[in-house]
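**Q** My questions will all concern the structure given below.
The values are calculated or read from the model by the stated rules, or taken from the named source; none is laboratory data. Keep in mind the model is a prediction, meaning the values are calculated, not measured. Every residue, glycine among them, receives a Cβ derived from its backbone with ideal geometry; neighbour counts consider all protein chains shown. The area values use the complete protein model at the heavy-atom level, side chains included, leaving out ligands, DNA and RNA. Shrake-Rupley method; radii C 1.70, N 1.55, O 1.52, S 1.80 Å.
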Amino acid sequence: MAALEGSSSCGLSLHSLNLLERISANAITTILHKMIEEHVGRLCRGEYENSFLSQLEEWLESKVVCWLSMVFLQKTNTKSSSSQTSSTLQRWRIHLQFFLYQVYANMRIEELFSIIRDFPESKAALQDLKVCLERTNQRQQLLSSLKAALETRLLHPGVNTADVITLYISAIKALRELDPSMVILEVVCEPVRKYLRTRDDTVRQIVAGLTDDSEGSSDLANELSKADPITLEHGHDSDDDMSDPDDWLPDPVDADPGKFGSKRRSSDIITLLVSIYGSKELFINEYRTLLADRILHHFSYITCREIRNLELLKLRFGEAQMHFCEVMLKDVADSRRINSHIHEEDQETPLHLNAMILSGEFWPPLKEEKLELPTEVKEAMDAYTKKYEKLKAMRSLNWKPHLGNVDLEIELADRTLSVSVSPVHAAIIMHFQQKNTWTLDELSDALKVPVVALRRKIALWQQQGVLKEDPTDTFTVIEEEQKDQQEKMVLIDSDEEGDSAMASQADQKEEELQLFWTYIQGMLTNLESLPLERIHTMLKMFVMTGPSILVECTGFPNLTAESGSLLRKIGGADL
């Protein structure tokens with residue numbers, strides 16, 4: 001109190017001389033700024049779920065401005081002096097309110113990456129930041145800071161593609177709340193979009209998220225299920241397309257003038273993700289591959305989930321684009337009906353065989369592998385084919401023996417195992433019905449499977465305790481479980497469970513390039529030597545492909561050169 005009275009007396013003297021603000025302004029400013037910074041940091045840092053602006057404004061008025069009024073509103077004798085003092089106090093109030101907003105905005109801008117990650121729980125912090133940005137004009141600071149944070153913490157090889165997509169989706173939601181014009185999102189997240197284009201599994205992760213209906217389904221699956229979705233075939237082409245003129249808002253000064261504001265504001269999450277690649281064809285083809293994998297991996301005729309996903313995707317991508325997928329699901333339903341019809345005719349068969357009958361033109365390319373099935377299985381397949389040909393005149397079946405699912409009951413001396421395995425695993429164990437011991441080379445010759453791949457497949461039966469390797473490369477059935485013997489750990493290839501039935505993109509690309517090789521071979525036979533640019537120009541006359549053909553053709557002669565078909569020269573190619 002003594003210090004307060006002393007300062008009040010000193011302030012009264014300086015006030016009477018009109019020197020109070022001139023002498024004390026710098027000191028008061030420094031003290032009050034430090035006080036505000038400490039209070040904001042202590043109260044708000046790391047807390048995103050509650051709004052603090054009202055509380056901070058109340059604290060500023062009740063504590064800081066109240067103290068200033070005691071300093072500046074001294075007892076004066078004239079009205080002019082009192083009016084001048086009130087004007088001074090109001091000027092300080094405005095300055096301190098601006099500084100409060102600036103300090104709070106600085107803190108939230110530093111924390112914006114975490115705020116986006118925690119959205120929607122952090123919605124209150126974003127609403128406070130939005131108010132501060134309207135008063136402090138710190139948009140450029142926010143853009144620079146958030147771009148740097150994203151590049152440092154997100155855009156590097158240590159982050160999974162799924163995590164990058166998840167945070168990008170969260171950024172779309174959070175930054176739309178912060179800036180309804182979506183300009184901040186467009187500027188800040190452009191590096192994220194470019195980075196996602198460099199990841200090989202981006203499209204697959206997005207499509208898997210769209211069609212995921214597991215417990216706690218993803219944001220993408222929820223977005224796909226929304227009523228009245230935006231069709232990707234059409235969009236707002238100009239600001240004149242707005243339904244209500246009263247809804248029009250001008251774009252911020254930092255908006256890209258080449259892009260329409262209405263189109264930017266109307267874009268939803270799925271539209272923004274698809275626009276990363278600029279084409280929906282990639283996503284449709286990836287969904288076809290994913291759908292085929294799910295059908296052939298689970299080998300189930302129950303497709304309610306996939307039919308639902310397909311109908312939702314048709315609303316987004318258009319019915320014509322999803323026609324192939326419709327045919328694929330129709331194949332599943334037809335296969336179920338054909339299997340029932342065939343089994344009704346002949347119920348006494350040694351092997352109960354169900355087929356998934358695919359319309360080859362509508363399915364993605366399937367992986368090709370050699371596999372020689374046991375005689376009894378081939379006989380069952382031949383019998384099924386004859387019944388199918390009788391049922392469907394002028395049609396036949398081309399079996400893919402390495403694809404499918406086999407339910408087995410393995411009866412051993414002291415136990416019975418019920419397992420569901422792939423055809424190659426089933427073929428391996430069925431050969432042990434003929435004799436108890438096989439060498440790796442003998443099995444490889446019998447099954448027509450390479451030794452390396454065969455050893456990887458046999459590891460499953462070793463893990464199940466059905467086969468043992470003793471000596472090396474010789475496998476024997478374990479009729480009685482050996483409990484006293486120490487178990488030997490067998491490592492199974494982690495890719496076994498996730499093996500795709502579809503041909504890889506590299507295999508498909510190589511098959512497509514083989515079409516070019518016929519043309520290239522003819523050119524080089526007649527003209528002996530050609531530069532790659534000339535080969536590219538001539539190929540464009542015969543083949544309609546994308547802009548990457550030159551890059552692909554540059555790599556393709558290297559592949560053929562390794563196989564001895566081509567001799568490379570600098571700048572061209574020779575046979």
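**Q** Give me the extension gain from ASP200 to ASP163: residue separation times 0.36 nm, minus the current Cα-Cα distance, reported in nm with one decimal. Provide the component values of the computation, followed by the final result.
**A** On the way: separation 37, 0.36 × 37 = 13.32 nm, distance 1.44 nm.
This chain segment gains 11.9 nm when fully extended.
**Q** I'd like the FRET efficiency for LYS130 and HIS298, computed as 1/(1 + (r/R0)^6) with the beta carbon distance as r and R0 of 51 Å, rounded to 0.05.
**A** Numbers: r = 47 Å, r/R0 = 0.92.
E between LYS130 and HIS298, to the nearest 0.05, is 0.65.
**Q** Given R₀ = 25 Å, FRET efficiency for LYS387-LYS330 by Cβ-Cβ distance, to 0.05?
**A** On the way: r = 21 Å, r/R0 = 0.84.
Calculated transfer efficiency: 0.75.
**Q** Hey, another quick one. For all pairs of alpha-carbon atoms in the range 386-476, what percent lies in each bin of width 10 Å, listed from the first bin to the last filled one?
**A** In order of increasing distance, the bins hold 14, 43, 25, 12, 5, 0 percent.
**Q** So with the 1.4 Å probe, I'd like the accessible area per residue for the range 146-218, rounded to whole Å². Spell out each step's value before the answer.
**A** Numbers: 3030 Å² over 73 residues.
Computed with neighbouring chains in place, this is 41 Å² per residue.
**Q** Here's a follow-up. Let me see the P(r) profile for the range 151-217: every Cα-Cα distance counted, bins of 5 Å, each bin given as a percent of all pairs.
**A** 3, 16, 25, 23, 18, 13, 3
**Q** For each pair in LYS330/LYS386; LYS314/LYS457; LYS378/LYS457; LYS173/LYS280; LYS63/LYS130; LYS386/LYS457, compute the distance between the two Cα atoms and list the pairs where it is over 29 Å.
**A** Details: LYS330/LYS386 23 Å; LYS314/LYS457 39 Å; LYS378/LYS457 21 Å; LYS173/LYS280 22 Å; LYS63/LYS130 25 Å; LYS386/LYS457 32 Å.
Exceeds cut-off: LYS314/LYS457; LYS386/LYS457.
**Q** Quick one: with all protein chains in place, what share of the accessible area of the range 151-203 is carbon or sulfur, to the nearest percent (1.4 Å probe)?
**A** Numbers: 1090 of 2130 Å².
On the range 151-203, the fraction of accessible area on carbon and sulfur atoms equals 51 percent.
**Q** Still on this structure, I have one more. Just grab the label-to-label distance for LEU412 and ARG534, each label 7 Å out from Cα along the Cβ direction, in nm (one decimal).
**A** Calculated label separation equals 6.8 nm.
**Q** Another question, then. Quote the Stokes-Einstein diffusion coefficient, in whole µm² s⁻¹, for the range 275-366, based on the Kirkwood radius over alpha carbon pairs, a temperature of 25 °C and a viscosity of 0.890 mPa s.
**A** Working: Rh = 14.6 Å.
Diffusion coefficient, whole number: 168 µm²/s.
**Q** Using 0.36 nm times the number of residues separating ALA27 and LEU143, minus their current alpha carbon distance, what extension gain do you get?
**A** On the way: separation 116, 0.36 × 116 = 41.76 nm, distance 3.34 nm.
In short, 38.4 nm is gained.
**Q** A further question follows. May I ask you to compute the full-extension gain from GLU311 to LEU353, defined as 0.36 nm times their residue separation minus their alpha-carbon distance, rounded to one decimal in nm?
**A** Values: separation 42, 0.36 × 42 = 15.12 nm, distance 3.12 nm.
Contour length minus Cα-Cα distance gives 12.0 nm.
**Q** Oh, and also: Using Cα pairs closer than 8 Å and at least 6 residues apart in sequence, work out the relative contact order for the range 394-463, in percent. Numbers along the way, then the final one.
**A** On the way: 52 pairs, mean separation 15.8, N = 70.
Relative CO of the range 394-463 lands at 23 percent.
**Q** Accessible area per residue of the range 347-418 at 1.4 Å probe, in Å²? Provide the component values of the computation, followed by the final result.
**A** Details: 4990 Å² over 72 residues.
That works out to 69 Å² for each residue.
**Q** Still on this structure, please answer the following. Hey, got a sec? Which GluC sites (Glu not before Pro) in the range 135-218 land in a DSSP loop and have at most 13 other Cβ atoms within 10 Å?
**A** Details: sites: GLU151, GLU177, GLU186, GLU215; in loops: GLU215.
Loop-located and lightly packed - GLU215.
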